[in-house]
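Shown next, in structure tokens, is the structure this report addresses.
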Amino acid sequence: MDDVAVLLNALPYLRRYRDKVFVVKVGGEIAKTPDALDLFAKDVAMLNQLGIRIIVIHGGGPQLDEVSDKMGVKPEKIAGRRITDDATLEMAKMVFAGSINTDILAAIRKHGVLPVGLSGLDGEVLTAARRPPKEMTDPETGQKHTVDFKNVGDIRDCNPALLRTLVEHRYVPVLSPLACDDEGRILNINADTVACTVAAEMQAEKLFILTNTNGVLKDINDPESRYVYLTVSRAEELIEKREVKSGMVPKLQGVMSAVRGGVKRAYLINGLTPHSLLTEVFTLKGRGTMVIDDAAEQDYLERG
């Protein structure tokens with residue numbers, strides 16, 4: 001397809017999405033890979049310049065692990081979930097609100113768009129409560145433990161006023177997953193949860209969770225076996241039948257929650273694939289897995 005045909009093919013989408021809000025969560029794997037980060041930033045810049053209002057939310061688990069290793073602090077995790085002790089919290093503040101956030105800002109700014117670095121503390125975007133001790137099952141041993149996640153928080157409230165003001169003036173907020181409670185204690189929040197919460201509160205047109213896999217796979221050993229789309233009820237069925245594995249389960253549950261909360265379409269896509277974000281926005285089948293409300297399925301099948 002030549003360049004003119006590509007542009008004409010994108011025209012209906014440009015009309016449909018102008019002035020709509022897209023929330024994009026980018027993981028640490030992408031942020032730590034210069035080429036992938038640059039391509040991601042280009043996609044964000046393109047969408048912004050086409051009149052779409054973009055909010056970027058980032059994690060940074062791999063970078064936090066690297067800093068922990070350099071500082072001689074062994075990361076402690078249960079069932080893949082990080083326990084954030086006081087030392088880890090100090091490193092999380094340096095990594096999340098510091099190096100990763102700044103790297104993403106620089107990458108986006110390079111492409112002519114004006115990003116604004118934030119954490120959940122800014123403008124009281126997020127208010128959290130410290131997570132109470134919770135019984136967890138270790139998937140490797142099957143043993144149950146009562147786990148104190150320490151300085152890990154659960155979102156109690158989301159106030160999107162600052163984010164709304166920024167996107168209305170064409171800035172791109174870049175939000176790190178830190179918040180505080182009513183006593184001013186800083187807490188580490190799961191970045192996927194932040195993205196899903198913000199997207200629902202903003203009633204976003206689209207939510208994208210960028211991962212290092214091609215979406216929800218029918219066969220975990222075949223990266224090309226993705227589901228193009230899932231309804232919420234079908235996604236629930238896959239989880240109940242244990243046809244979705246390990247780390248994809250909480251991501252899928254998160255986007256299902258966002259769709260139930262009013263997000264029109266949510267996507268799990270491979271952010272390491274060049275221009276996967278633009279491909280997902282401007283083509284019918286995209287590159288990942290789309291999750292929609294059951295009531296929207298017929299409209300999707302008819303209109304795309």
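Tabulated data
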read-out	value
Region 253-266, residues that are at negative phi and out of contact with any Leu (no Cβ under 7 Å at 6 or more places or on another chain)	253, 254, 256, 257, 259, 260, 261, 264, 265
Condition met for residue 44 (at pLDDT 95 or above, in a strand (DSSP E or B) and buried (at least 19 other Cβ atoms within 10 Å of the Cβ))	no
Subset of region 74-112 that is surrounded by 15 or more Cβ atoms within 10 Å (Cβ to Cβ) and among the β-branched types (Val, Ile, Thr) - its residue that is farthest from residue 149 (Cα to Cα)	108
When residues of region 126-161 are limited to those that are in contact with a helix residue (DSSP H, G or I) (Cβ under 6 Å, 6 or more places away or on another chain) and not aliphatic (A, V, I, L, M), the one surrounded by the most Cβ atoms within 10 Å (Cβ to Cβ)	160
Residue check, residue 255 within 24 Å of residue 157 (Cα to Cα), crowded, with 17+ Cβ neighbours inside 10 Å and touching a Cys at 6+ places or on another chain (Cβ under 8 Å)	yes
Residue list for region 162-202, filter: of a type in the set (S, T, N, Q) and buried (at least 17 other Cβ atoms within 10 Å of the Cβ)	176, 188, 190, 193, 197
Filter result (under 12 Å from the mean Cα position of the chain (by Cα) and in a strand (DSSP E or B)) within region 161-193	174, 175, 176
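The values are calculated or read from the model by the stated rules, or taken from the named source; none is laboratory data. The structure displayed is predicted, hence computed values, not measured ones. FYI the Cβ positions are ideal-geometry reconstructions off the backbone, even for glycines, and counts take in every protein chain you see.
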